[in-house]
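S.K.: Take a look at this one; I'll ask things after.
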Amino acid sequence: MNFMNLRYFLSVAKEMNFTTAAKALNISQQSLSNHISRLEDEFGVKLFERSPKLRLTYAGESAMAMAKEIVDLESQ
């Protein structure tokens with residue numbers, strides 16, 4: 001598991017917008033989308049419903065709680 005992917009996931013979950021999150025992270029939207037896709041592949045679930053409006057799936061909500069804990073622990 002890549003901590004950067006978790007941080008990127010948390011940023012998208014916070015903003016609920018890939019473009020806004022990408023700007024905040026100073027990366028391209030395509031790069032951010034690729035990181036999220038890799039994380040979804042690694043977990044074997046979709047983290048976001050992408051239409052009609054971006055929202056977390058049930059798995060995404062669970063992953064967000066876990067990602068927050070992991071990132072907090074890693075920063076300590």
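Every read-out reported here was derived from the displayed coordinates using simple, explicitly stated rules and does not represent laboratory data. Every value quoted in this text rests on a predicted model; they were computed, and no experiment measured them. Methodologically, a virtual Cβ is constructed for each residue, glycine included, from the backbone with ideal geometry; neighbour enumeration extends over all protein chains shown.
S.K.: Picking from Ala65, Ser75, Asn26, whose Cα lies most toward the positive end of the charge dipole for the chain (charges on Cβ: Lys, Arg +1; Asp, Glu -1)?
M.R.: Value computed over the given set: Asn26.
S.K.: In addition: Quickly rank 8-14, 55-61 as a protection proxy: mean count of other C-beta atoms within 10 Å, highest first.
M.R.: For the peptides 8-14, 55-61, the packing ranking is 8-14, 55-61.
S.K.: Something else: Can you give me the Kirkwood hydrodynamic radius for the chain, using every pair of distinct Cα atoms, in Å to one decimal?
M.R.: Taking every pair of different Cα atoms in the chain, averaging 1/r and inverting gives 12.3 Å.
S.K.: Compute a Gaussian network model of the chain, connecting alpha carbons closer than 10 Å, and tell me which residue from Asn34, Asn26, Asn17 fluctuates the most.
M.R.: Fluctuation is largest for Asn26.
S.K.: Next question, about the same structure. Hey, what number do you get for the chain at 222 nm if only DSSP H runs of n ≥ 4 count, each worth -39500 (n - 2.57), divided across all residues, to the nearest 500?
M.R.: Estimated from H runs of four or more residues: -22500 deg cm²/dmol.
S.K.: Check Phe48: other-chain or 5+ apart residues with amide H under 5 Å from its amide H, H built from backbone geometry?
M.R.: Amide H neighbours of Phe48: Thr57.
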